[in-house]
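FYI, it's all coordinate maths here, none of it is from the lab. Just so you know, these numbers come straight off a predicted model, no measurement behind them. As a convention, Cβ positions derive from the backbone with ideal geometry for all residues, glycine included, and neighbour counts pool all protein chains shown.
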Amino acid sequence: MDDRDILICRCEEVTRADVLRAIDQGCHTVESVKRATRAGMGACQGRTCGRLIQQILMSRGFQTPETIRADKPRFPIVPCDVDALGGDGHER
């Protein structure tokens, strides 16, 4: 198996080749790689792939341990009123 076929983000099925392609197209931060590939947008919110992307960026010379910043997880949950979950808001 070619190392470019290795899954970096299991949740979104993003391979090392996908990440390298994004880097070659100008994505030089974890956030920009995430936007280009969807890596880190799955159920785990980048807990595994975020570190792998950081390592790839550092190995390519775009980041150093001093400058690398982890992406902030953004949970797919937004507070809302109970009325928004269904019904018309009127009691029956």
Residues satisfying the stated conditions in the range 10-45, i.e. within 22 Å of THR64 (Cα to Cα) and in contact with a strand residue (DSSP E or B) (Cβ under 6 Å, 6 or more places away or on another chain): ARG16, VAL19, THR37, ALA39
Pairs where the first residue, in the range 9-27, is under 16 Å from SER59 (Cα atoms) and the second is basic (Lys, Arg), C-beta under 8 Å, 6+ apart: ARG16/ARG4; ALA17/ARG4; LEU20/ARG4; ILE23/ARG60; CYS27/ARG35
